[in-house]
1. Can you bin every Cα-Cα distance in segment 19-68 into 10 Å intervals starting at zero and give me the percent of pairs per bin, rounded to whole numbers?
2. What residues qualify as long-range amide H neighbours of Met17, i.e. H under 5 Å apart, gap of 5 or more or another chain, H built at 1.01 Å from N?
3. From the backbone phi of segment 190-203, what are the Karplus-calculated ³J(HN,Hα) couplings (6.51 cos²θ - 1.76 cosθ + 1.60, θ = phi - 60°) in whole Hz, Gly and Pro given as x?
4. Using a ≥ b ≥ c from the Cα gyration tensor of segment 43-153 (square roots of the eigenvalues), is it rounded, prolate or oblate, where a/c under 1.5 gives rounded and otherwise the larger of a/b and b/c decides, a/b for prolate?
5. Apply the Karplus curve 6.51 cos²θ - 1.76 cosθ + 1.60, θ = phi - 60°, to the phi angles in segment 158-170 and return the couplings in whole Hz, x for Gly and Pro.
6. Extension gain Arg166-Arg84, at 0.36 nm per residue separation less the Cα-Cα distance, in nm?
7. Tell me, what is the FRET efficiency for Thr136 and Met17 to the nearest 0.05, using R0 = 35 angstrom and their Cβ-Cβ distance as r?
8. Using Cα centres only, tell me the gap between segment 1-21 and segment 100-150 in whole Å.
Amino acid sequence: MKIIELDELKNLIKDSMTIMVSGFMGCGTPHKIIDKLIELGVKDLTLICNDTSLVDFGVGQMVVNKQFSKIMTSHIGLNPESIRQLNNQETEFELIPQGTLAERIRCAGAGLGGFLTPTGLGTVVAQGKEVIKVDTKEFLLELPLRADVALISSHIVDKKGNCFYRGATRNFGPIMATAADLVIVEADKIVEIGDLSPENVVTPHIFVDFIIDGGSK
């Protein structure tokens with residue numbers, strides 16, 4: 001396990017990568033990491049995120065900077081720049097029902113081949129997807145969703161990488177940490193090994209590659 005400085009992100013996140021970013025309208029998003037990626041100007045990224053936040057907050061700032069060539073998300077309604085780019089076909093968007101998005105990520109982390117859901121049947125969501133009948137009911141086959149890098153936020157992280165989340169900031173962090181080749185966690189607070197009670201550890205250190213000290217937000 002290694003605690004790294006923000007500047008080291010330039011060696012880890014490159015153009016054209018697929019990145020997952022935790023957060024729900026910016027709650028639970030690694031904001032200092034996002035700010036650094038804006039500074040570095042990495043581009044042509046594919047973003048997997050619950051939403052595109054606001055134009056001046058979280059990943060929404062990277063949308064404004066046009067750092068994404070594709071965005072896979074469940075909600076863009078509060079970011080007018082996302083809507084503009086979608087309507088003008090400047091950025092490719094795949095809009096995914098929120099529960100389906102979460103489960104596709106979870107399936108990747110669990111090593112599963114996909115899952116069956118009725119959500120999206122008879123809508124544009126079903127276009128190009130396999131429909132499987134179980135007994136008398138039809139389901140869409142949704143495939144796992146994995147990334148090159150997961151960027152997550154955690155309230156308290158020990159020096160080995162064990163993570164504790166506070167309240168609603170937990171959201172997508174735990175599942176994203178299991179579904180990427182490289183996991184970087186931004187910690188509000190870094191503590192010594194043993195300071196976290198085992199029952200409070202949500203993301204075990206085995207899933208975390210690097211820690212960045214996010215300090216207080």
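The values are calculated or read from the model by the stated rules, or taken from the named source; none is laboratory data. On a predicted model such as this, the values are computed, not experimentally measured, just so you know. All Cβ positions, even for glycine, are placed from backbone atoms using ideal geometry, and neighbour counts span all protein chains on display. All accessible areas refer to the heavy atoms of the entire protein, side chains included, with ligands and DNA or RNA removed. Shrake-Rupley method; radii C 1.70, N 1.55, O 1.52, S 1.80 Å.
1. Spelled out per bin, shortest first, that is 30, 65, 5.
2. Amide H to amide H, under 5 Å and 5 or more residues apart or across chains, Met17 pairs with Thr46.
3. Once θ is set to phi - 60°, the couplings for segment 190-203 become 9, 10, 6, 4, x, 6, 8, 5, x, 6, 9, 7, 9, 9 Hz.
4. Numbers: a/c = 2.51, a/b = 1.69, b/c = 1.49.
Prolate, because a/c is 1.5 or more and a/b exceeds b/c.
5. The phi angles translate into 7, 5, 8, x, 6, 10, 10, 9, 10, x, 6, 5, 5 Hz.
6. Values: separation 82, 0.36 × 82 = 29.52 nm, distance 3.39 nm.
Here the answer is 26.1 nm.
7. Working: r = 43 Å, r/R0 = 1.23.
Once the sixth-power term is evaluated, E becomes 0.20.
8. 29
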